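Reviewing the structure listed below.
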Amino acid sequence: MIAENHNNTSPDRHDNVPTVNDIRLLLTDVDGTLTDGGMYYGTDGTEFKKFNTRDGMGLQLLQRAGVKVGIVTSENISINENRARKLGLDYLRQGARDGGKLAAAREICDEMGITMQQLAYIGDDVNCYDLLSAAGWAACPADACEKVKHIPGIHILQRRGGDACVREWIDEILAQ
């Protein structure tokens, strides 16, 4: 099956996949994007998440190509902090709720001195909608919610969340 691309007529958005030269920053959601969206709990209440190592390697490959990478998520838990630290990500913004993801991304762009057009973002659900709509480049996993899949210009990947969908997009970016 070929990945679905929705063309966008807006002059502020781009079609298809960016090149490394088009973006200065790639941000990703966690639940449903870097993970399968499942919440796993031990008998003592400890929360677990399964991350795909290919996504982690993809983020590191993009860093090596000169693009800053990070996580913007609604959750505020140590699992996300541990993952970001292990991968050596440039940015981690947690607890970004109620429009906070877009605000967090704008803050990072301001810190870097770049525009939102130089930002690539991948997310999967309604709490990612505003940021996906504002980013210069946007992608979502194959199993993203329908509202996200209908964002003009979004790149719908073939892989599902937690199944190396972030790596799929990064491989496409690096191949341009």
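The values are calculated or read from the model by the stated rules, or taken from the named source; none is laboratory data. What you see is a predicted model; the values in this text were computed from it and never measured. Every residue, glycine as well, gets a Cβ built from its backbone with ideal geometry; the counts of neighbours run over all protein chains shown.
Those helices (runs of 4 or more DSSP H) of the range 94-176 in which 2 or more residues are surrounded by fewer than 16 Cβ atoms within 10 Å (Cβ to Cβ) and without any contact (Cβ under 8 Å) to a residue 40 or more places away in the chain occupy 100-112, 146-149. Selection of the range 53-88 for residues being under 14 Å from the mean Cα position of the chain (by Cα), assigned to a loop (DSSP other than H, G, I, E, B) and under 24 Å from ASP143 (Cα atoms) yields THR73, SER74. List every residue pair whose Cβ atoms lie under 8 Å apart, where the two residues are 6 or more positions apart in sequence or sit on different chains, the first residue falls within the range 59-79 and is farther than 21 Å from LEU131 by Cα, and the second residue, located anywhere, is part of a helix (DSSP H, G or I) and of a type outside the set (Val, Ile, Thr). Correct list of pairs: GLN60/LEU87; LEU61/LEU174; ALA65/LEU174. Against the list (1) surrounded by fewer than 20 Cβ atoms within 10 Å (Cβ to Cβ); (2) within 17 Å of VAL20 (Cβ to Cβ); (3) not polar (S, T, N, Q), the condition ARG54 fails is (2). A residue that is of a type in the set (Gly, Ala, Ser), on the phi > 0 side of the Ramachandran plot and touching a strand residue (DSSP E or B) at 6+ places or on another chain (Cβ under 8 Å) can be found somewhere in the range 140-156. Within the range 29-51, the set of residues being buried (at least 18 other Cβ atoms within 10 Å of the Cβ) and either among the aliphatic types (A, V, I, L, M) or part of a strand (DSSP E or B) (or both) comprises VAL30, LEU34. Looking at VAL69, is it more than 20 Å from ARG24 (Cβ to Cβ) and either surrounded by 15 or more Cβ atoms within 10 Å (Cβ to Cβ) or at pLDDT 95 or above (or both)? So VAL69 fails the test. Could you please find all residues in the range 78-93 being polar (S, T, N, Q) and buried (at least 20 other Cβ atoms within 10 Å of the Cβ)? ASN80, the sole residue that qualifies.
Could you tell me whether the range 119-126 includes any residue that is farther than 12 Å from PRO18 by Cβ, modelled with pLDDT of 95 or more and in contact with a Lys or Arg (Cβ under 8 Å, 6 or more places away or on another chain)? For the range 119-126, residues farther than 12 Å from PRO18 by Cβ, modelled with pLDDT of 95 or more and in contact with a Lys or Arg (Cβ under 8 Å, 6 or more places away or on another chain): present.
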